[in-house]
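Asker: Take a look at the following structure, please.
The values are calculated or read from the model by the stated rules, or taken from the named source; none is laboratory data. All figures in this text were calculated on a predicted structure; none of them were measured in a lab. Methodologically, a virtual Cβ is constructed for each residue, glycine included, from the backbone with ideal geometry; neighbour enumeration extends over all protein chains shown. Just the protein is used for accessible areas: all its heavy atoms, side chains included, with ligands, DNA and RNA removed. Shrake-Rupley method; radii C 1.70, N 1.55, O 1.52, S 1.80 Å.
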Amino acid sequence: MNERNINDNNLKELKQIPIPERLEARLSAKIDEWERAEQKPRRLSLRKSLRYVSAAAAVAVLFTVGYHFLHPASDGSAPIYQDTYQDPLLARQEAEHSLNLLAANLNKGMGMLEQAKAISDRTEQTLNEQLNILK
């Protein structure tokens, strides 16, 4: 009970403090200025990092292709590729199982996205209702 009295007293004291004119507009302008200042470096750093990543990927591709052509198979012949499964029926069954597993996981992920979209839509609707009330 004592805490409630303290909180009520604090609230009364806060209400007595005068609020400067156009405080909200000045704060909003300052927040917008900070937001613009934060966004500018991120775009530049994203571009730079994208350049570095693409350059590293190009080097990796060139290295891999060069290594493949400069170092052929140890016996000098081309590599012999063979199937994982000798029985085509077993290979088909394993492929179907893998594709079914992939489809199930994709469907599970899509369900989670739909839930997130529903929550986002409800939040947006609530926000719009509150903004309309404030107008």
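Asker: Tell me, what HN-Hα J-couplings in whole Hz come from the Karplus equation 6.51 cos²θ - 1.76 cosθ + 1.60 at θ = phi - 60° for each residue of the range 98-107, using x for Gly and Pro?
Answerer: Per-residue couplings from phi come out as 5, 5, 5, 5, 4, 4, 4, 5, 5, 5 Hz.
Asker: Let me ask something additional. Roughly speaking, what is the centre-to-centre gap between the range 78-135 and the range 3-34 when only Cα atoms are used, to the nearest Å?
Answerer: 47 Å
Asker: Taking only Cα atoms and a 10 Å spring cutoff, compute GNM fluctuations for the chain and point out the largest among Leu46, Leu62, Leu101.
Answerer: Leu101
Asker: Once phi is turned into ³J(HN,Hα) by the Karplus curve 6.51 cos²θ - 1.76 cosθ + 1.60 with θ = phi - 60°, what whole-Hz value does each residue of the range 85-93 show in order, with x for glycine and proline?
Answerer: In residue order, the calculated couplings are 10, 7, 8, x, 5, 5, 5, 5, 4 Hz.
Asker: Kindly provide the Kirkwood hydrodynamic radius of the chain in Å, to one decimal, from all pairs of distinct alpha carbon atoms.
Answerer: Mean inverse Cα-Cα distance, inverted, gives 24.4 Å.
Asker: Follow-up. Please report the net charge: other residues with Cβ closer than 13 Å to the Cβ of Gln115, K and R +1, D and E -1.
Answerer: Here the count lands on +1.
Asker: Considering only protein heavy atoms, what is the solvent-accessible area of Val59 at a probe of 1.4 Å, reported in Å² to the nearest 10?
Answerer: Rounded to the nearest 10, the figure is 100 Å².
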